[in-house]
Amino acid sequence: MSLFEVMRVALESIRANLFRAVLTMLGVIIGVAAVITMVALGSGAQRAIDEQLEALGANLLTINSGMWFMRGVSRQQNTLTIDDATHLAEEATHLVAVVPEMSIREQVKSGNRNLNVSVTGTTPNFGEVQGFTLAAGRMFSAADDAARRRVVVVGAEVPGMMDTQPDLLVGQTLSIRSVPFEVIGVFEAKGAVGMSNPDDDLWMPLQTARFRLTGEDTLQSISVEVAPGSTIEQAMVDIERVLRRAHGILPGRDNDFAIFDRKTFFNARAEATEVFSFLLAGIAGVSLVVGGIGIMNIMLVTVTERTREIGIRKALGATRSSIMLQFLVESVTLCALGGLLGVLLGSGLSSLLARFAGWQTFVTPGSVLLSFGFAAGVGLLFGLMPARRAASLDPIEALRYE
């Protein structure tokens, strides 16, 4: 019997018991759909991390104030100042840009609207270094900073919080600590980064924040951009050299600041996401094994039901290998069809999650091929025992079977 004939007989057998075949494939369908969906979620999360890293800039470092401990509780010590940013800009040889950031939370009023947002005093190169683009208006300038002008640039969500449009908000006045500030620009949406969302923040010139809001020269952080041709490691050594000298830290003493590599953080987050995705996919893969057991059970029942048919075929000259091939093909066909339906179901679920739950998903060709191949492998593995049992039947005993 040719392979084409074997396939035809297998499909006719499945069609003759279509409802039972669908129930049999259900475990494989659910297993493959679960694997496709879990891997799609993991791939989508990985893409989101890559996009965030690209938006933030892989060649950026953040310098934070050091931590100190009192009675086992960590507290942040404000050790960074505007002078530190000046030293880095003038003395560091592996940096191309330095962006000091002085952040506080304030109540911002506009008409009958009252918001509690993060207000950051920074330099005019903030948007360029951090990858922000303007949706309306302009960024404050060095002249605004030097003159301590009361101007602010707001995040993309602030106009909606003020119940207005970005272009209409430009030129309006916001009140911070009863001091009026003019909105001169609105950034485009950046998206949440970790636990923070810069889209609902405000930015103003550094000297304005220093002399009109805080009255201090301490900074929460300093962002720096590594110069082209320099490595992250060279930049970190350069930063440490400049700041230790500026802070008068003796050799052997710990730094009173911390240098944070965003790329390392996102890579660690990506690895954790990947491990979690594969763990979920492995758990979902158990459904495939359960489905394979169900297929083996049904195939054993099918062998019993078709005992006389097997006896007749053997009496007409069918070999053990042809009998075995027929039942193996039928088992693999069941799993392959279930795998195909599972791929379609998993892709549909991934699209629904992306559309209604807002999760980023991405169905990779590799996950489709892996799931489909694993489903066919399950059919081959769990169909082997029923096929061998059918091939080993004695033709005389099979013909007598009622």
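How long is the gain from LYS109 to THR364 if the chain were fully straight, where each residue apart is worth 0.36 nm and the alpha carbon distance is subtracted?
Full extension of this stretch gives 87.1 nm more.
What whole number of Å gives the distance from the Cα centroid of the stretch 327-376 to the Cα centroid of the stretch 84-113?
So the two Cα centres are separated by 49 Å.
Along the Cα→Cβ direction, 7 angstrom out, place labels at GLU182 and SER196. What is the inter-label distance in nm?
2.8
Once label points are set 7 Å from the Cα along Cα→Cβ at both ARG244 and THR218, what is their separation, rounded to one decimal in nm?
Rounded to a tenth, the inter-label distance reads 2.4 nm.
GLN107's amide H: which non-local residues (gap 5+, or another chain) put their own amide H closer than 5 Å, with H modeled 1.01 Å from N in plane and none for Pro or chain starts?
ARG177
On C-alpha positions alone, give me the angle between the axis of helix 82-91 and the longest principal axis of the chain, in degrees, nearest 10.
Once rounded, the angle reads 80 degrees.
So what J values fall out for the stretch 381-397 if you push phi through Karplus, 6.51 cos²θ - 1.76 cosθ + 1.60 with θ = phi - 60°, rounded to Hz, Gly and Pro as x?
5, 7, x, 5, 5, x, 5, 5, 5, 5, 5, 8, 5, 6, x, 5, 5
Please report Rg over Rh for the stretch 104-195, where both radii come from the alpha carbon positions and Rh follows the Kirkwood definition.
0.93
Stick to Cα atoms and the Kirkwood definition of Rh, then tell me Rg/Rh for the chain.
We get a ratio of 1.26 for the chain.
Mind giving me the nanometre distance, one decimal, between the label points for SER351 and ASP394, set 7 Å out from Cα along Cα→Cβ?
If labels sit at SER351 and ASP394, their model points lie 5.7 nm apart.
Within a 10 angstrom radius of the beta carbon, how do ILE232, ILE184, ILE312 rank from fewest other beta carbons to most?
With the sparsest Cβ surroundings first, the list reads ILE312, ILE232, ILE184.
Pull up all non-local amide H partners of ALA135: gap of 5 or more, or a different chain, and H-to-H distance under 5 Å with H placed in the peptide plane.
Those qualifying (amide H under 5 Å, at least 5 residues apart or on another chain) are VAL186, PHE187, GLU188.
Quick one: Kirkwood hydrodynamic radius for the stretch 78-255, alpha-carbon pairs, angstrom, one decimal?
Answer for the stretch 78-255: a Kirkwood hydrodynamic radius of 17.2 Å.
Give me a comma-separated list of calculated 3J(HN,Hα) values for the stretch 366-377, in order, Karplus coefficients 6.51, -1.76, 1.60 applied at θ = phi - 60°, integers in Hz, x for any Gly or Pro.
x, 5, 5, 5, 5, 5, 5, x, 5, 5, 5, x
Provide the per-residue ³J(HN,Hα) series for the stretch 222-232, in order, calculated from phi with Karplus coefficients 6.51, -1.76, 1.60 and θ = phi - 60°, each as a whole number of Hz, with x at glycine and proline positions.
In residue order, the calculated couplings are 9, 9, 10, 10, 6, 5, x, x, 9, 8, 4 Hz.
With runs of 4+ DSSP H residues as the only contributors, calculate the mean residue ellipticity of the chain at 222 nm using -39,500 (n - 2.57) per run, divided by the residue total and rounded to the nearest 500.
-18000 deg cm²/dmol
Of all the stretches in the chain, which is the longest one without any exposed loop site, taking trypsin sites (Lys or Arg not before Pro) in a DSSP loop (any state but H, G, I, E, B) with at most 16 other Cβ atoms within 10 Å?
Excluding the exposed sites themselves, the longest stretch runs over 254-402.
Between VAL151 and residues 5 or more places away or on another chain, which pairs have amide H atoms under 5 Å apart, with H built 1.01 Å from N, and which residues are they?
GLU182
Every number in this text was worked out from the coordinates using simple rules, so none of it is lab data. Since this is a predicted model, take the numbers as computed values, not measurements. Cβ: placed from backbone, ideal geometry, glycine included. Neighbour counts: every protein chain shown.
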